[in-house]
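Asks: Supplied in structure tokens, the structure appears directly below.
The values are calculated or read from the model by the stated rules, or taken from the named source; none is laboratory data. Just so we're clear, the structure is a prediction, and the values are computed from it rather than from any experiment. Here Cβ is always computed from backbone atoms with ideal geometry, including for glycine, and neighbour counts include all displayed protein chains. Heads up: the accessible areas ignore ligands, DNA and RNA and are worked out on the full protein's heavy atoms, side chains in. Shrake-Rupley method; radii C 1.70, N 1.55, O 1.52, S 1.80 Å.
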Amino acid sequence: MTNGTLLWITIVAMGLVTYGIRLSLIVLLGRLNVPPIVERGLRFVPPAVLSALILPDVLRHGGTLDLSFGNTRLIAASVAALVAWRTRNVLLTIGVGMAVLWFLTGLGI
């Protein structure tokens, strides 16, 4: 078996495993009544995961903590957070954050 074939078998197998895990949870939760407090808590999972993925990259520039005004990602993220807080519009938040980051990067800050 070649490396390419083994790679494709691995990709397909992991896709099936992932699909099976997700499907089992959907089927299981379809039969159970989830308490309202758990449902309220589950609403916060996506923003918490997204924050956990993005925040380290925003705060660490070059492998060290960078809270200075020279950290363009921190400035762009702060502006995006302000837009999100005021408008609660996800697309506008992403657009403004990206525009600020591109503008600051273009300025060479």
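Asks: Anything in region 80-109 that is among the β-branched types (Val, Ile, Thr) and open to solvent by less than 50 Å² (accessible area, probe 1.4 Å)? List them, or say none.
Replies: Val83, Thr93, Val96, Val100
Asks: Of all residues in region 19-58, which are closer than 30 Å to Ala80 by Cβ and polar (S, T, N, Q)?
Replies: Answer for region 19-58, where residues must be closer than 30 Å to Ala80 by Cβ and polar (S, T, N, Q): just Ser51.
Asks: Among the residues of region 68-109, which ones are in contact with a Leu (Cβ under 7 Å, 6 or more places away or on another chain) and not β-branched (Val, Ile, Thr)?
Replies: Matches in region 68-109: Arg73, Leu74, Ala76.
Asks: If I ask for residues that are open to solvent by less than 70 Å² (accessible area, probe 1.4 Å) and outside any helix (DSSP H, G or I), which ones from region 1-36 would you list?
Replies: Of everything in region 1-36, those that are open to solvent by less than 70 Å² (accessible area, probe 1.4 Å) and outside any helix (DSSP H, G or I) turn out to be Val34, Pro35.
Asks: Taking interchain pairs and intrachain pairs at least six residues apart, which have beta carbon atoms under 8 angstrom, with the first residue in region 58-83 and closer than 18 Å to Gly108 by Cα and the second polar (S, T, N, Q) and part of a helix (DSSP H, G or I)?
Replies: Once the first residue is closer than 18 Å to Gly108 by Cα and sits in region 58-83, its partners that are polar (S, T, N, Q) and part of a helix (DSSP H, G or I) give Thr72/Thr105.
Asks: Out of Val83, Val49, report the one residue that is among the β-branched types (Val, Ile, Thr) and under 14 Å from the mean Cα position of the chain (by Cα).
Replies: On inspection, the qualifying residue turns out to be Val49.
Asks: Let me ask something additional. Please work out if Gly63 is open to solvent by less than 70 Å² (accessible area, probe 1.4 Å), out of contact with any strand residue (DSSP E or B) (no Cβ under 6 Å at 6 or more places or on another chain) and at positive phi.
Replies: Yes: the conditions hold for Gly63.
Asks: Within region 66-79, work out how many residues are of a type outside the set (Val, Ile, Thr), part of a helix (DSSP H, G or I) and open to solvent by less than 80 Å² (accessible area, probe 1.4 Å).
Replies: 4
Asks: Separate question: So which residues in region 37-58 are open to solvent by 50 Å² or more (accessible area, probe 1.4 Å) and either outside any helix (DSSP H, G or I) or within 22 Å of Trp102 (Cα to Cα) (or both)?
Replies: Correct list: Arg43, Phe44, Leu50, Ser51, Leu53, Ile54, Leu55, Pro56, Asp57.
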